[in-house]
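Heads up, the thing below is written out as structure tokens.
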Amino acid sequence: MTEELQLTDIQGNIVQAYGRANFIFARYFFLKINDGEKGREFLSCILPSITTAQLWKNISGNLQRPTVTTNIAMSYKGLEALELPLASLNGFPKEFVMGMQLRKDILGDDGVSDPANWDEIWRQDVHVWLSINGQSKETIEERYQLIASYVEQTQGGVEILFGNKGEAGQTDLPYQDASAIFENGKPTAKEHFGYRDGISDPVFQGQNDSSDRVLGRGKLMRDGSWKPLATGEFILGHPDEAMEYPKAPTPANLAKNGTFMVYRKLHENVGSFNKFIEEHGKDYPGGKELLAAKFSGRWRDNGAPVTKVASQEQKDEWDKIFYSEDTTDVQRKKMLTDFNYNDDLSGSKCPLSAHTRRTNPRGSLEFGQDGAFDTPGALTNRRRILRRGLPYGKVDDLTKDDGEHGIVFMALNASIERQFEFVQQQWVNYGNDFKEGNDKEVLLGNHQINPPSKVVHPVDPDSDDAPYFIGRIPRLVETRGGEYFFVPSMTALSMIADGIIDPT
């Protein structure tokens, strides 16, 4: 068992998903460091504003939520610009050193998603990522102006980069705003395709409330129970699921309690999605809502897992229990997360191409039910990622793909290559592990016109029904920008700011 986490040393967005804590607005912006000394001075100024994991609770253990949060991370080029010693820089993993654009072939960022087509800001060197999350737009603007004043004090040593796109057609904004999607004046947990999002984020050792949330979110054990994942899958300097320490730079204090972050701006082609489910929904057994559920692995309205709720009739009965006044919030969470695919190995209920199944197979990829490992998902547990981020923009016309709307996707993991890149390359854009050859995951796959993408929805092997073939899948999500970042601990931030990183 991992020792108790040093929450005052860990940045808050690692341990806490801000969106679920009512921080429904966010602003992301990016800096370039033109002078290393001035850059370190800027870090010293902003350090007191950085939100740690400890701020969520006071000395009595009661919730003490700040009005606004601030977090920071650096690209490899940013660490170079801050003049870290070469020996420390050489210790970072190769995928982080290369950066996202040079990994485009691995990620499937081709065609419209090629970096040549990304927003203007990504055509320049991005050194620092900053995020502000708040419960109101006013608190975010106030914190942004404070940080902008620190940048101004550097007299050109640090600059805020322009080139973000805005809802009104702007192409040269100094920030990327994001927000929960509102319906009838109230924030929702949905994204622009209409799916409820962020249901099964991983739970790892050391999180304060892991015992309340571990069902379906930790690692599946042989007896069907769930346990928190090893801390080292997500935070450097701690043992991972292999009982090893993740690859990290030296000195140890530079890496410990930090992590790596994947930042991706993903545009959603809402018109293509709606047209696609309308066309196929006319012929699909169960109609378009069941088809949409099969694409995701969850029903759109409330996230009911399709492997347990595989028809509209079952959904109606499930909803009666889910929305009943006698059902507690804890019971509802269990209904949403506490499941596996042991009774659905063929994919007749939840297709093997479904988004949630591809990105978290829940132990269903082992050969047979009596495997050699203590956990059915011993190998897939090494592929889990912490998801952060919010939707951006709004959809004015549900029949069109244009406009400025999508998801700001952020993934936190101890190894970008082993976790995020593996899932993106092998499970999203390739299906061999799921015995589906080259068939891609429907929602996120980099679908091509030639050859056209297809998936097959299996049926119960004991039935006389025929599998349902779905062809000519359009590209529903396009990459519009992104980079790999290192999220330092508070100790590491102080060391970088003071210029005292010593790899010897």
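Rule-based calculations on the coordinates, nothing more; no lab input. Predicted model, so just to flag it, every value in this text is computed and none were measured. Please note: Cβ atoms are built from the backbone with ideal geometry, for glycine as well, and neighbour counts cover all protein chains shown.
For the reader, a short list of remarks on this structure follows.
- Taking every C-alpha pair closer than 8 Å and separated by at least 6 residues, the mean separation divided by the residue count of the range 1-132 gives a relative contact order of 37 percent.
- Positive end of the dipole of the range 213-291 (Cβ unit charges, origin at the Cα centre): among ASN269, PRO228, LEU290, the Cα lying farthest that way belongs to PRO228.
- Label point distance in nm, LEU379-ASP283, each placed 7 Å from Cα along Cα→Cβ: 3.6
- Note on ILE496, ILE449, ILE106: ascending count of other Cβ atoms within 10 Å places them as ILE449, ILE106, ILE496, the fewest first.
- Taking the three principal axes of the alpha carbon atoms in the chain, the coordinate ranges are 72, 51, 45 Å, sorted in descending order.
- Applying 1/(1 + (r/R0)^6) with r as the Cβ-Cβ distance of SER211 and THR327 and R0 = 22 angstrom yields a FRET efficiency of 0.60.
- Charge dipole of the chain about the Cα centre (unit charges at C-beta), most positive-ward option of ILE501, LEU47, ALA378: ALA378
- Over the range 151-301, relative contact order from alpha-carbon pairs under 8 Å, at least 6 apart, %: 12
- Charge dipole of the range 73-151 about the Cα centre (unit charges at C-beta), most positive-ward option of GLY99, HIS127, LEU82: LEU82
- Distances between placed amide hydrogens fall under 5 Å for LYS219 paired with LYS227, LEU229, all partners being 5 or more residues away or on another chain.
- Quarter of the Cα convex hull surface for the range 93-170, i.e. its orientation-mean projected area (nm²): 7.5
- Crossing angle, helix 36-46 versus the chain [Cα axis fit, 0-90 degrees, rounded to tens]: 70
- The range 24-165 - Debye-derived log10 I(q)/I(0), Cα point model, q = 0.10, 0.13, 0.20 Å⁻¹: -0.43, -0.70, -1.26
- Long-range amide H partners of LEU390 with built H, under 5 Å: VAL408
- Convex hull volume of the C-alpha atoms in the range 201-312, normalised per residue: 160 Å³.
- Note on SER463, SER494: ascending count of other Cβ atoms within 10 Å places them as SER463, SER494, the fewest first.
- Whichever aspartates and glutamates have a C-alpha closer than 12 Å to that of LYS190, once near sequence neighbours (fewer than 8 apart) are set aside: ASP301
- Net charge, GLU233 excluded, C-beta distance under 14 Å - Lys, Arg +1, Asp, Glu -1: +4
- Residues of type aspartates and glutamates that LYS247 reaches as a straight line, Cα spacing below 13 Å, ignoring anything fewer than 8 places off in the same chain: GLU95, GLU233, GLU417
- GLN153 sits among other residues whose Cβ lies under 11 Å from its own Cβ, and their net charge, with Lys and Arg +1 and Asp and Glu -1, is -1.
- Whole-Hz Karplus values for the range 349-357 come out as 9, 10, x, 5, 8, 5, 4, 5, 6 Hz, taken residue by residue from phi with 6.51 cos²θ - 1.76 cosθ + 1.60 and θ = phi - 60°; glycine and proline positions read x.
- Distance between modelled label sites at ASP125 and ASP396, nm, 7 Å Cα→Cβ extension: 3.8
- Normalised alpha carbon radius of gyration of the range 146-219 [divisor 2.2 N^0.38 Å]: 1.72
- Estimated dipole of the chain in Debye, rounded to 20 [Cβ of Lys and Arg +1, of Asp and Glu -1, Cα centre]: 260
- For the set LYS32/LYS104; LYS32/LYS440; LYS165/LYS400; LYS282/LYS333; LYS137/LYS256, the pairs lying more than 30 angstrom apart at their alpha carbons are LYS32/LYS440; LYS282/LYS333; LYS137/LYS256.
- Less than 5 angstrom separates the built amide H of VAL158 from those of ASN34, all sequence-distant by 5 or more or on a different chain.
- Degrees, to the nearest 10: 312-322 long Cα axis against longest axis of the chain: 50
- For the chain, the relative contact order works out to 22 percent when only alpha carbon pairs closer than 8 Å and six or more residues apart are counted.
- Using the Cβ-Cβ distance between PHE182 and TYR245 with R0 set to 51 Å, the FRET efficiency from 1/(1 + (r/R0)^6) comes to roughly 0.75.
- Histogrammed with a bin width of 5 Å, the alpha carbon distances of the range 398-501 distribute as 2, 9, 13, 15, 14, 14, 10, 7, 6, 4, 3, 1, 1, 0, 0 percent, first bin at zero.
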